[in-house]
């Protein structure tokens, strides 16, 4: 009862009570004693892993879909699933792994749309800033318009590609 008064949660009482066995609830072990958050005493602390400092997301989408591997027969993991040796049951790539990868068709359609529609006013301004060697100002403008630093960075790189392409076309 003292643990419940200290930590304000039932799990602390269950873990510290002397007359209960470790598997008192239908074979399930008791919860471990966790100190509650200072601001939310009824919530458990987060167990989510934070990304390491050298962790970075993939900047450009991959154009080719990676080949699916055989199922491993294990319940968890990337290749989880029942092993099937039948020749017609070749593994397909999972739809959840194709997110963010642009296909050739969508890339082609977007390229045509870009040619027809042209650039947005803020994109023209970014190009103008890049031509006047104001990279930092261009990044700040892109970040302001698009919301996040990484999206702005990607947009500036894209606009630099557009400038290089226009120079190549003008040179020929």
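Tabulated results
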read-out: Residue exposure sequence - 103, 96 - by fewest surrounding Cβ within 10 Å; value: 96, 103
read-out: Ranked 156, 76, criterion: other C-beta atoms within 10 Å, fewest first; value: 76, 156
read-out: Whole-number D in µm²/s for the range 104-171 (Stokes-Einstein; Kirkwood sum over Cα pairs; 4 °C, 1.567 mPa s); value: 103
read-out: Spin-label model distance (nm) - residue 128 vs residue 154, 7 Å beyond Cα toward Cβ; value: 2.6
read-out: Pairwise label distance in nanometres, residue 135 with residue 165, each label 7 Å out on the Cα-Cβ vector; value: 2.1
read-out: Residues 146, 129, 119, 88 arranged by fewest to most Cβ contacts within 10 Å; value: 88, 119, 146, 129
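A short reminder: the numbers here are calculations on the coordinates, not readings from a lab. Note that the structure is predicted; figures quoted are calculated from it, not measured. Because the Cβ atoms are built from the backbone with ideal geometry, glycine has one as well, and the counts that use them run over all protein chains shown.
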